[in-house]
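The values are calculated or read from the model by the stated rules, or taken from the named source; none is laboratory data. This structure is a prediction, so every number in the text was calculated from the model and none was measured. Note that we place each Cβ from the backbone using ideal geometry, even for glycine, and neighbour counts take in every protein chain shown. Each accessible area value is taken on the protein alone, full model and side chains, heavy atoms only, with ligands, DNA and RNA left out. Shrake-Rupley method; radii C 1.70, N 1.55, O 1.52, S 1.80 Å.
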Amino acid sequence: MAHRVTGVLIFFFLFVHVLDTALVRVSPEAYDNVVATYKTPIVALLEYGLVAAILFHALNGLRVIAVDFWIKGARYQKQMLWTVVAVWIVLMLGAIYPVLGHAARELFGS
């Protein structure tokens, strides 16, 4: 279920990204305003969520491939899921500062 949810979230991000990029051809000023909103701490939190969704989707996709193409995949799918979750948590902890560091400095000062 989480794989489908993250896939849908990533799709909607890409859809919005294409729309905001296309905005530059319609109104460069409006595009500049949209890009300025991307520098806010709230959007930084959304970016962290995007990183979380993409990372989980990618790692879980590898698990799904293993289940489908490895003869013993179905037998070990539960262990592989917990491995995916553990690796995802470690990587997400490592992504806190690079993704949210600017937002923290913005909110709490340098």
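Below, the figures for the structure above:
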{"item": "Å² of accessible area per residue within the chain, as computed with a 1.4 Å probe and no ligands counted", "result": "74 Å²"}
{"item": "Nearest-20 debye value, segment 9-85 charge dipole, Cβ charges on Lys, Arg, Asp, Glu", "result": "560 debye"}
{"item": "Relative contact order (percent, whole number), the chain, Cα cutoff 8 Å, 6+ residue spacing", "result": "33 percent"}
{"item": "With DNA, RNA and ligands ignored, accessible area of T40 (1.4 Å probe; Å², nearest 10)", "result": "60 Å²"}
{"item": "At 0.692 mPa s and 37 °C, Stokes D of the chain from Kirkwood alpha-carbon radius, µm² per second", "result": "203 µm²/s"}
{"item": "Computed P(r) (all Cα pairs; segment 1-66; 5 Å bins; percent)", "result": "4, 16, 20, 20, 16, 11, 7, 4, 2, 0"}
{"item": "Accessible area of the chain belonging to carbon and sulfur atoms, whole % at 1.4 Å probe", "result": "73 percent"}
{"item": "Spin-label pair A2/L19, simplified geometry with 7 Å Cα→Cβ offset, distance in nm", "result": "2.8 nm"}
{"item": "Length added when fully stretched, H102-F69, from 0.36 nm per residue minus Cα-Cα", "result": "7.7 nm"}
{"item": "DSSP-loop trypsin sites (Lys or Arg not before Pro) across segment 53-103, with at most 15 other Cβ within 10 angstrom", "result": "K72, R75"}
